[in-house]
Amino acid sequence: MARPKALVDMSQHYCPGCTHGIIHRLIAEAIDTLDIQDRTIGVASVGCSVFTYKYFDCDMQQAAHGRAPSAATGIKRVHPDTLVFTYQGDGDLAAIGTAEMLHAAIRGENITIIFVNNAIYGMTGGQMAPTTLVGQVTQTSPYGRQIETQGYPMKVSETLATIEGAAYIERVSVDSVKHIKAAKKAVEKAFRYQMEGKGFSLVELLSTCPTNWGLSPIEATDWLRENMLPHYPLGVYKDKGGEQA
Amino acid sequence: MSERVLMKGNEAIAEAAIQAGCRYFFGYPITPQNEIPAYMSKRMPKVDGVYLQAESEVSAINMVYGAAGAGARVMTSSSGPGISLKQEGISYIAGSELPCLIVNIVRGGPGLGGIQPAQSDYFQSVKGGGHGDYRLVVLAPSTVQEAVDLTMEAFDIGDMYRIPVMVLGDGMLGQMMEPVEFKPFQGRALPAKDWATTGTRGKRKRNIVNSLYIEPQALEEKNLARLEKYRQIEQREVKYEMQDCDDADIVLVAYGTTARIVKSAMKAARREGLKVGIVRPITLWPFPAAVLHNLAETAKAFLTVEMSMGQMVEDVKLAVNGVKPVYFYGRTGGMVPAPADILEEIKKIYGGEK
Ligand SMILES: Cc1ncc(C[n+]2csc(CCOP(=O)(O)OP(=O)(O)O)c2C)c(N)n1
Ligand code: SF4
């Protein structure tokens, strides 16, 4: 497959079998399809994906841990005619950045969040995330996540669906060709909505972290299917106006 | 000709920012600076600007980061606990070499502290506050007129050096009404913001706004390049006011509204034949160290007066470098020093009691 124009020709630092790379490609393809590379500004967050500012061939800002939606807000208010997206992991978005994510949606901020849910903190070595599944063993839930003391995993798409200001919320997965195709459509749709001024959009992508899950890439994909899909059902959680999902 | 109008310090600062071309304000309510966002919420829509009340100071400063990176003249304002929350963002702004204005109308601390005027956030403002090797330009007005002039200039200094600038006031300055004149804004000649994230628009290669340098060598290079810039600022941008220091035995050092009180104490002392003068730093960083250093040759002693337990006094001591004694008098927690008390301190130094 040819490299999308919106991706820089350089090797990426992700572990073998990590699905961050697939998600980068989906975003770049959507930018190419909509032909908006020269009007796109991306915001990298803090996590394994921090170097996205090097990988996308468009203007980029790197934001503090959890604050990408606020940085994106500042950018979008200055350049309303651009496509502004953030790229955030589940620790970044659903823990330290919960308030920023939620309030960007509440304001109906016309930005797109690409939310990569791999049920763990990748970059810092595999600690428990708000999205870590019940019973899942991580560096900081060595006995498996316990409901009594650590609560239930956070469902971001379901939560955002209750926010009036959110225009489009969909959860997709990158575990199979079929799902990747649907994911590509979702990213494209979110970007299109933004360019049409429809308001806040977020695409949650279920993703793997073979390294910190302690699994081979193939085992990791199976684990995602068996464990994440039942807890995080795929689908459109909110679609305000425009075509029906 | 522009005329003089009577205005509250906080509102005058807000209007000055707008007249200097600031069109983006991101804030969060906290006393004693609430008149700034209130004024902005009224005025910004009238000038096609953006006023946005964020969900926290953390969020507000990161909106400033985004807007500054996108090339805009942008500001925020806060006080005490709010400024503490902004520190991580300020460090990122400094590390990414972005210009912006942060107005800090200081209240008493620590913790929730109080809402009365204080100067207890000198260390936080001047010595860093956030993590890493960085500097802010810190401007300390003592009148509402000066607050207006410095606010306008702050944006130019920021753009010229790509550095965050803080206007450091206190609750007294923010709340007091004084006549001010808005002189037509005469900006400096400034470099183009060709580094900003605007979308490449088919005209250039991509721009990246970033403070991450994972290789220590690269980070050191980046920091040293910024140090070079800081040296330039130290050479070119120092501002201070000096009165009656030529024959002074005792040089009083005070900034902001405290300097006004110190001046009345100084006049009272002169009336009694005591030879005292004053140095009022207007830029707290860069600090007017050279002038104090030189005065150490002629003066017999220094007395620093602050609304704190003693913070700027450390910079005065560094400047004087042990050549002459440096004394301190301060009130804290929102208490304001009285001219009579300062006069008494002056007499104690004269009488050798201190
Ligand atoms: C304020 C702050 N706290 C903590 C960190 C350390 N940190 C770096 S990445 C990270 C977790 C990122 O995990 P996630 O968002 O799930 O992304 P992933 O690495 O899994 O892609 C943390 C806690 C930081 N950089 N800044
Ligand atoms: S640690 Fe996990 S999320 Fe990070 S690059 Fe490796 S596999 Fe991907």
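I need the Kirkwood Rh of segment B:240-350: take the reciprocal of the average 1/r across all distinct C-alpha pairs and report it in angstrom.
Numbers: mean 1/r = 0.0742 Å⁻¹.
So the Kirkwood estimate lands at 13.5 Å.
Let me know the mean shielding of B:46-59 by other chains, meaning the per-residue number of their Cβ atoms within 10 Å of its Cβ. All intermediate terms of the calculation are to be shown ahead of the outcome.
Numbers: counts 0, 0, 0, 1, 5, 0, 6, 1, 7, 8, 4, 0, 8, 12.
Mean number of neighbouring Cβ atoms from other chains: 4.
Helix B:57-69 versus the longest principal axis of chain B: what is the Cα-based angle in degrees, 0 to 90, to the nearest 10?
The angle comes out at about 60 degrees.
In Å², rounded to the nearest 100, what is the total accessible surface buried by chains B and A against each other with a 1.4 Å probe? All intermediate terms of the calculation are to be shown ahead of the outcome.
Values: alone 15380 and 10350 Å², together 23060 Å².
Protein heavy atoms only, the B-A interface buries about 2700 Å².
Counting only heavy atoms of protein chains, what accessible area per residue, in Å², does segment B:240-350 have with a probe of 1.4 Å? Numbers along the way, then the final one.
On the way: 4420 Å² over 111 residues.
I get 40 Å² per residue for this part.
Taking every residue in A:42-55, how many Cβ atoms of other protein chains lie within 10 Å of its Cβ, on average? Intermediate results must be reported in sequence, preceding the final value.
Details: counts 3, 6, 4, 0, 1, 0, 0, 0, 3, 3, 0, 5, 4, 0.
Per residue, the number of nearby Cβ atoms from other chains is 2 on average.
Please give the calculated 222 nm ellipticity per residue for chain A, where each DSSP H segment of at least 4 residues contributes -39500 (n - 2.57) and the sum is spread over every residue; nearest 500 deg cm²/dmol?
Numbers: 9 runs with 79 residues, N = 245.
Rounded to the nearest 500, the figure is -9000 deg cm²/dmol.
So for segment B:154-304: antiparallel DSSP bridges make up what percent, rounded to the nearest 5?
DSSP beta bridges in segment B:154-304 are roughly 35 percent antiparallel.
If each of B:LYS239 and A:HIS231 carries a label point 7 Å out from its Cα toward its Cβ, how far apart are those two points in nm?
It works out to 5.7 nm between the two label points.
Going through the cross-link list B:LYS205/B:LYS229; A:LYS5/B:LYS205; B:LYS127/B:LYS229, which pairs have a Cα-Cα distance over 19 Å in this structure? Can you show the working numbers first?
Values: B:LYS205/B:LYS229 25 Å; A:LYS5/B:LYS205 13 Å; B:LYS127/B:LYS229 17 Å.
Long pairs (Cα-Cα over 19 Å): B:LYS205/B:LYS229.
For an R0 of 25 angstrom, estimate the FRET efficiency from the Cβ-Cβ distance between B:GLN217 and A:MET123 and round to the nearest 0.05. Before the final figure, lay out the partial values.
Working: r = 22 Å, r/R0 = 0.87.
Calculated value: 0.70.
Computed FRET efficiency, Cβ-Cβ of A:HIS13 and A:GLU196, R0 30 Å: what is it to the nearest 0.05? Write out the running numbers ahead of the final one.
On the way: r = 35 Å, r/R0 = 1.15.
E between A:HIS13 and A:GLU196, to the nearest 0.05, is 0.30.
Taking chain A as the reference, fit the longest principal axis to its C-alpha atoms, fit the long axis of helix A:68-78 to the helix C-alpha atoms, and give the angle between the two in degrees, 0 to 90, nearest 10.
Approximately 0 degrees, to the nearest 10.
In square angstrom, rounded to the nearest 10, how much accessible surface does B:TYR327 have for a 1.4 Å probe?
My reading of the accessible area for B:TYR327 is about 50 Å².
Can you give the % of DSSP beta bridges in chain A that are antiparallel, to the nearest 5? Before the final figure, lay out the partial values.
Details: 7 of 35 bridges.
Bridges in chain A that DSSP calls antiparallel: roughly 20 percent.
Of all DSSP beta bridges located in the protein assembly as shown, what percent are antiparallel, nearest 5? Mind showing how you got there, number by number?
Details: 19 of 82 bridges.
Around 25 percent of the beta bridges assigned by DSSP in the protein assembly as shown are antiparallel ones.
What whole number of Å gives the distance from the Cα centroid of segment A:45-95 to the Cα centroid of segment B:101-172?
Each part reduced to its Cα centre gives a spacing of 28 Å.
Ordering A:GLU196, A:GLU226 by accessible area with a probe of 1.4 Å, largest first, what comes out? Walk me through the intermediate numbers first.
Details: A:GLU196 100, A:GLU226 130 Å².
From most accessible down to least: A:GLU226, A:GLU196.
Leaving ligands and nucleic acids out of the surface, order A:ILE41, B:ILE214, A:ILE180 by accessible area at 1.4 Å, largest first. Present the calculation step by step, with values, prior to reporting the outcome.
On the way: A:ILE41 0, B:ILE214 115, A:ILE180 45 Å².
Order by accessible area, largest first: B:ILE214, A:ILE180, A:ILE41.
In degrees from 0 to 90, rounded to the nearest 10, what is the angle of the helix A:177-195 Cα long axis to the longest principal axis of chain A?
40 degrees
With every protein chain left in place and a probe of 1.4 Å, what is the accessible surface of B:GLU344, to the nearest 10 Å²?
For B:GLU344, the solvent-accessible surface is approximately 110 Å².
So what is the accessible area of segment A:43-104 per residue, in Å², with the probe set to 1.4 Å?
Details: 1050 Å² over 62 residues.
Per-residue accessible area for segment A:43-104 comes out at 17 Å².
Quickly work out the B:GLU314-to-A:THR149 label distance, labels modelled 7 Å from Cα along the C-beta direction, and quote it in nm with one decimal.
4.0 nm
Given a 1.4 Å probe and heavy atoms of the protein chains only, how would you sort A:THR33, B:THR143, largest accessible area at the top?
On the way: A:THR33 80, B:THR143 45 Å².
I get A:THR33, B:THR143, largest accessible area first.
Less than 17 Å apart at the alpha-carbon level, and either on another chain or at least 8 residues along: which aspartates and glutamates does that give for B:LYS267?
B:GLU241, B:ASP244, B:ASP246, B:ASP247, B:ASP249, B:ASP341, B:GLU344, B:GLU345
Quick check for me: using +1 on Lys/Arg Cβ and -1 on Asp/Glu Cβ, what's the dipole size of segment B:213-354 about its Cα centre, in debye to the nearest 20? Spell out each step's value before the answer.
Working: 20 positive and 20 negative charges, 83 e Å.
In debye, rounded to 20, segment B:213-354 gives about 400.
Out of the total accessible area of the protein assembly as shown (probe 1.4 Å, heavy atoms of protein only), what percent is carbon and sulfur?
Values: 12380 of 23060 Å².
Reported share for carbon and sulfur atoms: 54 percent.
Separation of segment B:298-332 and segment A:133-190 by C-alpha centroid, Å?
Centre-to-centre distance over Cα atoms comes out at 58 Å.
Debye calculation, C-alpha points only, no solvent: report log10 I(q)/I(0) for the protein assembly as shown at q = 0.06, 0.08 Å⁻¹, in the same order as the q values.
-0.37, -0.61
Over 23 Å between Cα atoms, which of A:LYS185/A:LYS238; A:LYS54/A:LYS240; B:LYS275/B:LYS348; B:LYS317/B:LYS354 qualify?
Values: A:LYS185/A:LYS238 15 Å; A:LYS54/A:LYS240 33 Å; B:LYS275/B:LYS348 14 Å; B:LYS317/B:LYS354 16 Å.
Exceeds cut-off: A:LYS54/A:LYS240.
The values are calculated or read from the model by the stated rules, or taken from the named source; none is laboratory data. Only a predicted model underlies this, so the values are computations on that prediction, with no experimental measurement involved. Backbone-built Cβ (ideal geometry, glycine too); neighbour counts: all protein chains shown. We work out accessible area using only protein heavy atoms, side chains counted, and drop any ligands, DNA or RNA first. Shrake-Rupley method; radii C 1.70, N 1.55, O 1.52, S 1.80 Å.
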